[in-house]
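To start, the structure under review is shown below, and the notes come after it.
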């Protein structure tokens, strides 16, 4: 059947849309540019289906496409608005975001390699989001990936000074046309042949890897200007998809870098199992190889996973009721009631889309709508079933046009049963609902807060995990009371803080196990807090005071404790009044009161006057001094950081430290900060130290603050703060402490010369220095020698200072905790001596409550045990360290523990367990932002997969590591050794795969590196591998030379035995 063009510019559709231009036309439909009168002439796209009456399968698929898109909200995916019937033409269309851009390949013609790469990553992010929501596009091609000008670039050069994008305007990708996303294949050939994945050609059931294949074809085409599979006819094209392996892009375009060959060719693997499992995996691999560091998710895309506009949570009863009315074309008045933040707007939007799919016309009045247009629409005679909606009718009460709206609604309500129509409104307060809408037939849908099951469903939508962490779900429910608005805002805040979804993507189950999230210590944005505090502002003064007390206490409050702290015998009555108003709830078992939405506590506390805050803290401290209140419930104050066996004491110190009792407050805060320093509660300690310095400007606490800056990696701040103190201190102890802080900061910055000068000047100039102080400074010089590569000098110095320290009393020995003799023995390869020293250190420090020192000692011990073959001791110590690091939030040592444990499992041929450990270590290292550590994990996984015989996977791991190392991103001597090791491993893998030229190239490069660093251990294995290569190649001279070179390095009986077998 031939179709004429439905519309021309200037045509009016449904008395609402004005056609502006024709955007496109195809076999299935037409697309127009139009403006929407109901939204102030907002410009949008109208996508029409060419509907043949009676052909409902196409219409149902068109509706399914719209329904799918209503639940997507991502910056790289075009949004949809409304689904409607063009009554005059008996055709259907939906409106969507107008993307005024060009096809991907058109954009690529004017783009450099870096921009193509940037657009590629944006497309991958869109696919990661889609696939994470269980949706597959199945028709990725140039026409469905549009590119338009935008305001910001997505790429992050590793070195900002090397940014080559200049002032060129960045461009953004938008995926469109999801017509195949909802189709059931059932043996059909569906898609665009020249982009179609082989499994789709074979009519198998595809998954997200089919989209990755199609994107690979698109990027190949963008880099080379040629689609490698397109042939003269469809059958030849499909055959190519099954059989043709094209040359890499760089063979057709010399400007295309080799690392993109690797990425694109892997995307286009014929077997789905040989491709990347996810789009995120492809981004991570590209980021390792490219000069540009790409994040899996940007700040903008992270927020897409919060289901505010995407997946709909809960409300099954309400939706079922409305679905019944819509399907049966029943007229009705429906009122959606609920407290602020209960999700009324979200539900109305869902019901609107549901009605549109059931072929009801919809006319809605919301904040973005034109009141006059709505009133006019209500008065027009109906030509089809129509849903009239008003979101938040309370808001309209003060609008001057409200009477006209009411009058039109009342006329409609009086005759509603005569024609299929539904009036749907939402309201907070009953008295704002017009009386004529409250009839005996009115259906009331009352919304309540989310229950725990719905919180888990919500969290599953955010994380993508079918079983999200129960503890996190419980915390969110406890802190928000299940209020949908607060749940959403809290989730956004957690994401903004780098949890749940961060720049590396959605957290895995293992990430949640390894990194603790404490929701109770989260603060919401000011605008959200202001909205929450509206109920609080309306309370009588006595009730406000009681709410402030609960907020200052930071935990549930009994009536008896309230009376003691307020001195008011009627305190219990005030708590009951707060409960009746819904501000607090009562724990029946404990007999204590707590905020219905505990997250409001921080908002109240933040807005309290300083003198009121101090007064409450003083009263609380006085009562806490006589007994502990609910010791099992931790304080919500982040500054208190009260956890574990010392909780009650730390809480009391916190309240006393924030009271108005100056001397007692100072002493309490000093003790609290000391305890937090030992417990590695760095964030809490910094908050308290800054508060102390602001209140009393004490140099001693300023020193503690500078130490904390060093501990948290803020070395410039540490140096700056310590220099501020230098001119104010005169005592030897403070001068030495200042020098230590500055010297340590230089050490961590690897500025060894300045570090040495700082420590040596302190030794020369400080008078009346104590033995323990001198030994500490000398040990720091030993650390300089250690990092400078002078291990023997470091050992000599550490042995001398250790001998002196052993003669001191135990308490003074504890002040000299920076002797790294055990670590130096380890570095030199004297592992037995290392164990002896580290075990002695551990016994000395284990009761000192210094988390970081304990972690460091455990790590070195575990590594030493592993190397000398005491595997049981090593596994036990690593597992102890893992728990210790988790408890203290110490990601650095958690990474090291998993990395070390992975090595043991690899040695034991427990490869599955080894891979799991390395994957966890890689996950943690990415969040530490430490490239060197990440690349060691990648190389280690290469070793394991090679040991497992999966040489293809091992080659991918090692080649990724090599690309990173050769990109100049890695630093330090250890990375040079890894660089050499990676070439050796690649040489062996290429030998096994009979790629002899490539194998020799890698081995010769490894040899050059090992000779340059005099690494004889590595050289021995390089010559042994070169011998095997020569044997395979039948190269007798190379075989003889390799054996001779290896023989010179066979310095142990084990190595001599290996050569005998050759």
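The values are calculated or read from the model by the stated rules, or taken from the named source; none is laboratory data. Given the structure is predicted, the values throughout are model-derived calculations rather than measurements. Neighbour counts run over all protein chains shown; Cβ positions are idealised from the backbone, glycine included.
Of the residues making up the range 1038-1057, those that are farther than 23 Å from residue 1000 by Cβ and either touching a residue at least 60 places away in the same chain (Cβ under 8 Å) or more than 52 Å from the chain's Cα centre (by Cα) (or both) number 0. Residue selection: residue 738 satisfies the criterion of being touching a helix residue (DSSP H, G or I) at 6+ places or on another chain (Cβ under 9 Å) and within 24 Å of residue 851 (Cα to Cα).
Answer yes if at least one residue in the range 86-105 is assigned to a helix (DSSP H, G or I), more than 27 Å from the chain's Cα centre (by Cα) and closer than 25 Å to residue 31 by Cα, and no otherwise. Yes: the range 86-105 contains one or more residues that are assigned to a helix (DSSP H, G or I), more than 27 Å from the chain's Cα centre (by Cα) and closer than 25 Å to residue 31 by Cα. Evaluate the range 175-188: report whether one residue or more is at pLDDT 95 or above and either under 28 Å from residue 134 (Cβ atoms) or over 29 Å from the mean Cα position of the chain (by Cα) (or both). The answer is yes; a qualifying residue exists.
Filtering the range 295-306 to residues that are in contact with a strand residue (DSSP E or B) (Cβ under 7 Å, 6 or more places away or on another chain) and either surrounded by fewer than 19 Cβ atoms within 10 Å (Cβ to Cβ) or closer than 26 Å to residue 228 by Cβ (or both) leaves nothing. A count restricted to the range 274-292 and to residues that are touching a strand residue (DSSP E or B) at 6+ places or on another chain (Cβ under 6 Å) and either at pLDDT below 90 or closer than 29 Å to residue 199 by Cβ (or both) stands at 2. Entry remark, the range 715-740: residues being crowded, with 23+ Cβ neighbours inside 10 Å and either part of a loop (DSSP other than H, G, I, E, B) or under 33 Å from the mean Cα position of the chain (by Cα) (or both) number 2 in total. Of the numbered criteria (1) under 21 Å from residue 855 (Cα atoms); (2) outside the structural domain of residue 1010 (by TED's automatic domain parsing); (3) crowded, with 22+ Cβ neighbours inside 10 Å, the one residue 891 fails is (3).
Out of the range 94-108, which residues are within 24 Å of residue 12 (Cα to Cα) and in contact with a helix residue (DSSP H, G or I) (Cβ under 9 Å, 6 or more places away or on another chain)? Within the range 94-108, 94, 96 meet the criteria.
None of 251, 287 is crowded, with 20+ Cβ neighbours inside 10 Å and out of contact with any helix residue (DSSP H, G or I) (no Cβ under 8 Å at 6 or more places or on another chain) except 287.
Is it true that residue 874 is crowded, with 23+ Cβ neighbours inside 10 Å and more than 28 Å from the chain's Cα centre (by Cα)? So residue 874 fits the description; yes.
The rows are residues; the columns are (1) modelled with pLDDT of 85 or more; (2) in a loop (DSSP other than H, G, I, E, B); (3) within 13 Å of residue 550 (Cβ to Cβ).
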position	(1), (2), (3)
579	yes, no, yes
586	yes, no, yes
611	yes, no, no
619	yes, no, yes
622	yes, no, no
626	no, yes, no
633	no, yes, yes
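Among the criteria (1) under 27 Å from the mean Cα position of the chain (by Cα); (2) surrounded by fewer than 21 Cβ atoms within 10 Å (Cβ to Cβ); (3) at pLDDT 90 or above, the one residue 192 does not fulfil is (1).
Helices (runs of 4 or more DSSP H) wholly in the range 773-852 with at least 2 residues that are buried (at least 16 other Cβ atoms within 10 Å of the Cβ) - which ones? The helices (runs of 4 or more DSSP H) meeting that bar are 791-806, 821-828, 831-845. Does residue 49 satisfy the criteria of being in contact with a strand residue (DSSP E or B) (Cβ under 6 Å, 6 or more places away or on another chain), modelled with pLDDT under 95 and closer than 17 Å to residue 176 by Cβ? Spelling it out, residue 49 is indeed in contact with a strand residue (DSSP E or B) (Cβ under 6 Å, 6 or more places away or on another chain), modelled with pLDDT under 95 and closer than 17 Å to residue 176 by Cβ. Evaluation of residue 148 against the conditions (1) closer than 22 Å to residue 355 by Cβ; (2) surrounded by fewer than 20 Cβ atoms within 10 Å (Cβ to Cβ); (3) touching a residue at least 40 places away in the same chain (Cβ under 8 Å) shows that the sole unmet condition is (1). Screening the range 938-1032 for helices (runs of 4 or more DSSP H) wholly inside it with 2 or more residues that are within 23 Å of residue 910 (Cβ to Cβ) and either touching a residue at least 24 places away in the same chain (Cβ under 8 Å) or touching a strand residue (DSSP E or B) at 6+ places or on another chain (Cβ under 9 Å) (or both) returns the ranges 951-966, 973-992. Criterion applied to 592, 665 was being in contact with a strand residue (DSSP E or B) (Cβ under 7 Å, 6 or more places away or on another chain) and at pLDDT 90 or above, and the one residue passing it is 592. Taking the listed residues 64, 34, the one that is farther than 19 Å from residue 101 by Cβ and either in contact (Cβ under 8 Å) with a residue 12 or more places away in the chain or outside any helix (DSSP H, G or I) (or both) is 64, with no other qualifying.
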